[in-house]
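J.: Below you will find the structure I want to go over with you.
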Amino acid sequence: MGKDKKNKWKPVDPEKVKEMQEKIKSGEMKIVCAPQDKLDEVQDIAYDLVDNILDFPGAFITDLSRLSDFSLDDEDEEIFVTMVKAKYGVDVSEVLNENIVDIASYIRNEVSKRGTV
């Protein structure tokens, strides 16, 4: 799913990148990572969703990462829901607008209700 979407990403302006690099080097701009506390609790499912279902292995995700970060269109979302349902037996269509960790937590909760994880 993800490999086909790479061409939908907007090209990066090299001058803008250079400007940002200079600001980072000078200390004028800092890179701050979003928290990963919630991710730690559901990382097995969250990384499975990103690595295997979205097909973005090794992608960096945080507590604030969303499916929209991966440039999915409506058809991709339908495929995502179908693949999650096939693998986990859980319909995530109602939580697609949540953060990935919240989707993973929803899956874990629904699966645990059945007694299997």
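The values are calculated or read from the model by the stated rules, or taken from the named source; none is laboratory data. This is a predicted model, so every value here is computed, not measured. No Cβ is skipped: glycine too gets one built from the backbone with ideal geometry, and neighbour counts run over all protein chains shown.
J.: Could you tell me which of the residues T116, T82 is of a type in the set (S, T, Y), loosely packed, with under 12 Cβ neighbours inside 10 Å and either modelled with pLDDT of 90 or more or out of contact with any helix residue (DSSP H, G or I) (no Cβ under 6 Å at 6 or more places or on another chain) (or both)?
T.: Checking each option against the conditions leaves just T116.
J.: Moving to a separate point now. For segment 49-107, how many residues meet the condition of being assigned to a helix (DSSP H, G or I) and closer than 19 Å to D37 by Cβ?
T.: Going through segment 49-107, the residues assigned to a helix (DSSP H, G or I) turn out to be 49-53, 67-70, 74-88, 93-95, 100-107.
Among the residues that remain, those that are also closer than 19 Å to D37 by Cβ are: 49-50, 69, 100-107.
Final tally of qualifying residues: 11.
J.: Oh, and also: If you take the residues of segment 18-42 that are in contact (Cβ under 8 Å) with a residue 12 or more places away in the chain and either over 22 Å from V92 (Cβ atoms) or in a helix (DSSP H, G or I) (or both), which of them is nearest to the chain's Cα centre (by Cα)?
T.: Taking segment 18-42 first, the residues in contact (Cβ under 8 Å) with a residue 12 or more places away in the chain are 33-39, 41-42.
The next check asks that each one be either over 22 Å from V92 (Cβ atoms) or in a helix (DSSP H, G or I) (or both); those that pass are 33, 35, 37-39, 41-42.
Details: C33: 15, P35: 14, D37: 15, K38: 13, L39: 11, E41: 15, V42: 13 Å.
Per the criteria, the residue is L39.
J.: Quick check on R108: is it of a type in the set (K, R) and crowded, with 17+ Cβ neighbours inside 10 Å?
T.: yes
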